[in-house]
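The values are calculated or read from the model by the stated rules, or taken from the named source; none is laboratory data. In this text, all values refer to a predicted model and were calculated from it rather than measured experimentally. Positions of Cβ are backbone-derived with ideal geometry, glycine not excepted, and every protein chain shown enters the neighbour counts.
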Amino acid sequence: MKMEDQAVNTSAIPTKAQHPLGLDTLRRISKQTNVMRRYLLIRSAGSGGFADVFFALPKSALTFEQVQRARREDRQVVVDLFPQLVAVKVYKVGRGHTLEGEICVLRSLREICALLSLREMDQQAFPSRCVPMLDHDENRFRWLTTPAYNGSLSLSSLHSFCLSNGRIMPEELVFHLFIQIFDSVIFLHKNGIVHRDLYLGNMMLDLEHQDYAGFPNVVIIDFGLSKPNQGTPRGRRKAEQEDCASVCKNLHILCQVGACSQHAEQIDPGTCGHSSGWLVFVEFLKDNSTFCHYRNLHELLKVSGPVAIQGRGQTTEFKLKIIKDLIESASRSSIENLEKDLLQVVKIGQI
């Protein structure tokens with residue numbers, strides 16, 4: 001029986017006041033949008049200048065029986081519901097016709113239109129590495145939902161984890177990121193879309209899917225600044241070059257995590273234990289971080305693509321274990337916290 005069909009004992013502990021997000025946040029979201037009619041908000045997944053993102057559970061996925069089992073501390077409920085979580089993006093639309101409110105509306109329309117156009121494109125020959133839209137506010141365009149990529153993390157979070165814990169960013173992983181991110185960018189540019197916000201926080205590692213064995217897929221998110229690439233040929237080329245330069249700049253940031261490869265048997269002071277291909281690759285990223293010197297992506301990839309493909313293809317089993325351990329370590333705490341909050345919200349029941 002669905003939650004909508006049978007009332008839940010809301011007087012049972014925990015109460016709504018013990019919701020992980022707090023009553024103030026729930027009330028604010030409830031006043032601004034109708035998203036809570038369809039989804040149970042679980043936990044914050046991030047916040048920016050124009051939107052908040054939450055992990056959420058579709059209300060249609062929750063049954064009265066699961067609520068009762070959760071209140072008996074049955075952890076199997078979390079196992080069953082965890083794969084059904086989604087990410088809900090709620091735009092910070094201000095009251096009245098303020099400039100800030102108008103900008104939020106514009107960004108929400110841009111993002112929804114971009115994701116709708118991506119949904120209509122033929123992706124049969126292209127693995128889906130651009131976040132798909134699952135649902136959206138069809139009336140006021142104040143929220144949308146996408147897959148949550150549970151257990152995954154942004155490259156920004158991975159970068160921070162490495163810096164905080166003294167971990168090295170494996171060169172093979174950076175080669176893989178380069179290949180998949182530019183595959184996605186080529187797909188977008190081919191279909192007339194420029195992203196315009198390709199930084200580490202908008203690149204997610206999808207731990208549940210691997211198009212190349214041993215490496216998680218990379219998914220590009222947040223199309224709030226994207227737009228159709230129209231105008232003169234020179235203008236379109238400049239917009240595409242800006243996307244490419246942004247990717248090179250952010251991947252170069254990852255390359256700086258750890259000066260030396262601590263897994264080399266003998267570290268040469270001149271190379272810091274890295275391969276010669278890696279040193280050329282890092283210099284290439286640096287040279288194209290401020291301005292992309294190539295007319296289009298195909299020219300860029302003719303130079304750098306073979307180096308990245310060869311570098312990833314030479315990954316040893318030992319390095320694959322290092323990469324797996326790094327990513328699991330970086331995502332472990334976020335998964336545990338999300339599971340804990342999911343159980344808490346299910347115990348509360350209907351909100």
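Inside the range 56-96, residues that are without any contact (Cβ under 8 Å) to a residue 40 or more places away in the chain, in a loop (DSSP other than H, G, I, E, B) and under 30 Å from Leu225 (Cβ atoms) make up a count of 3. Given the condition hydrophobic (A, V, I, L, M, F, W, C), outside the structural domain of Val105 (by TED's automatic domain parsing), out of contact with any helix residue (DSSP H, G or I) (no Cβ under 9 Å at 6 or more places or on another chain) and in a helix (DSSP H, G or I), answer yes or no: does some residue in the range 155-172 qualify? The answer is yes; a qualifying residue exists.
When Ser246 is tested against (1) surrounded by fewer than 16 Cβ atoms within 10 Å (Cβ to Cβ); (2) under 18 Å from the mean Cα position of the chain (by Cα); (3) hydroxyl-bearing (Ser, Thr, Tyr), just one condition goes unmet, and that condition is (1). On inspection, Val53 does not qualify as in a helix (DSSP H, G or I), β-branched (Val, Ile, Thr) and at pLDDT 90 or above. Close contacts from the range 164-187, counting a first residue that is closer than 17 Å to Thr316 by Cα and a second that is among the aromatic types (Phe, Trp, Tyr) and part of a helix (DSSP H, G or I), with Cβ to Cβ under 7 Å and a gap of 6+ residues or different chains, come to Glu171/Trp278. Cβ-Cβ distances below 8 Å connect no pair with a first residue in the range 220-234 that is assigned by TED's automatic domain parsing to the domain that holds Leu116 and polar (S, T, N, Q), a second residue that is surrounded by 11 or more Cβ atoms within 10 Å (Cβ to Cβ) and not in a helix (DSSP H, G or I), and a separation of six or more residues or different chains.
Selection of first residues in the range 306-321 that are under 13 Å from Tyr212 (Cα atoms) and of second residues that are part of a loop (DSSP other than H, G, I, E, B), restricted to Cβ pairs under 7 Å at least 6 apart or on distinct chains, gives the following pairs, ordered by first then second residue: Thr315/Gly214; Leu320/Gly214. Flag: Gln210 matches the condition of being assigned by TED's automatic domain parsing to the domain that holds Leu279, part of a loop (DSSP other than H, G, I, E, B), without any contact (Cβ under 8 Å) to a residue 60 or more places away in the chain and under 19 Å from the mean Cα position of the chain (by Cα). Among the residues of this structure, Met133 does not count as one that is in a strand (DSSP E or B) and touching a Leu at 6+ places or on another chain (Cβ under 8 Å). Of all the criteria given as (1) in contact with a Pro (Cβ under 9 Å, 6 or more places away or on another chain); (2) surrounded by 18 or more Cβ atoms within 10 Å (Cβ to Cβ); (3) small (Gly, Ala, Ser), the one not satisfied by Ser157 is (1). Here Ser157 fulfils each of the conditions (1) of a type in the set (Ser, Thr, Tyr); (2) closer than 23 Å to Leu134 by Cα; (3) in contact (Cβ under 8 Å) with a residue 60 or more places away in the chain apart from (2).
Whether any residue in the range 214-223 is part of a loop (DSSP other than H, G, I, E, B), modelled with pLDDT under 80 and either over 23 Å from the mean Cα position of the chain (by Cα) or of a type outside the set (Asp, Glu) (or both) is what I want to check. So that I can check it myself, show each step before the final result.
Our first condition is that a residue be part of a loop (DSSP other than H, G, I, E, B); within the range 214-223, this holds for 214, 216, 221-223.
Within this subset, residues satisfying the condition of being modelled with pLDDT under 80 are none.
No, the range 214-223 contains no residue that is part of a loop (DSSP other than H, G, I, E, B), modelled with pLDDT under 80 and either over 23 Å from the mean Cα position of the chain (by Cα) or of a type outside the set (Asp, Glu) (or both).
Results for (1) at pLDDT 95 or above; (2) surrounded by fewer than 19 Cβ atoms within 10 Å (Cβ to Cβ); (3) of a type in the set (S, T, N, Q); (4) in the same structural domain as Met204 (by TED's automatic domain parsing), shown as yes or no for each residue.
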| position | (1), (2), (3), (4) |
| --- | --- |
| Lys238 | no, yes, no, yes |
| Gln266 | no, yes, yes, yes |
| Pro269 | no, yes, no, yes |
| Cys272 | no, yes, no, yes |
| Lys286 | no, yes, no, yes |
| Thr290 | no, yes, yes, yes |
| Arg295 | no, yes, no, yes |
| Lys321 | yes, yes, no, no |
| Ile335 | no, yes, no, no |
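Considering only the range 279-295, how many residues are assigned to a helix (DSSP H, G or I) and either under 16 Å from Leu177 (Cβ atoms) or touching a helix residue (DSSP H, G or I) at 6+ places or on another chain (Cβ under 7 Å) (or both)?
Matching residues across the range 279-295 total 6.
Condition test on Ile253, is it at pLDDT below 95, closer than 30 Å to Pro20 by Cβ and aliphatic (A, V, I, L, M)?
Considered against the rule, which asks whether it is at pLDDT below 95, closer than 30 Å to Pro20 by Cβ and aliphatic (A, V, I, L, M), Ile253 comes out as no.
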